[in-house]
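Below is one structure; the comments refer to it alone.
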Amino acid sequence: MTQPLLRKARIGDAKSIHGLLLNPGEGDGMVLPRSFNQIYSHLRDFFVVADRDTGAVLGCCALSICWDNLAEIRSLMVRNEARGRGLGRLLVDACLSEAVTLGIFRVFVLTNQEAFFKKMGFEDTGKDTLPQKVWADCVNCTKFPDCDEVAMIMEL
């Protein structure tokens, strides 16, 4: 199997990203679904990994700038059939690299996949250490107000 291509998302990827984040079979509720409007409005935040032969999007991840020197890794999802190949790590690494390029040296994630992010070097942090602006999306979550996610942060 050929190594997938990591790249910034393009306009033609929006529907694939939407489907990936919306499909409950892929993530079992692990990520907050995004509307088409949200995806198109924030398309420049996304990286994708795509199959080199077919161009099919196998996974996505976004880096969202929140505040001065603070960004969030969000919408990390890899298709079930592509998991276990290091694509999630590849996507997160791309977001971390972009954060450094932008001069952002604190990156956090809200996740229920704590072990994955610990392996990547993230550490637990209190949710109360993050700006209130971070919680704007929480009201749209099906788990609100009974959140099962932990806040984790990495100092780059």
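Each reported figure results from applying straightforward, stated rules to the coordinates on display, with no laboratory input. Being a predicted model, the structure only gives us computed values, none of them experimental. Note that we place each Cβ from the backbone using ideal geometry, even for glycine, and neighbour counts take in every protein chain shown.
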message: Please compute the modelled spin-label separation between Asp51 and Asn69, points set 7 Å along Cα→Cβ, answer in nm with one decimal.
response: 4.5 nm
message: Per 0.36 nm of contour for each residue apart, how much would the distance between Lys15 and Thr129 grow if the chain were fully extended, relative to their Cα-Cα spacing?
response: 37.6 nm
- prompt: Exposure proxy check: Asp53, Asp93, Asp13, Asp128 ranked by fewest other beta carbons within 10 Å?
  reply: Asp128, Asp53, Asp93, Asp13
query: Distance in nm between label sites at Met120 and Arg83, each 7 Å beyond Cα in the beta-carbon direction?
result: 1.5 nm
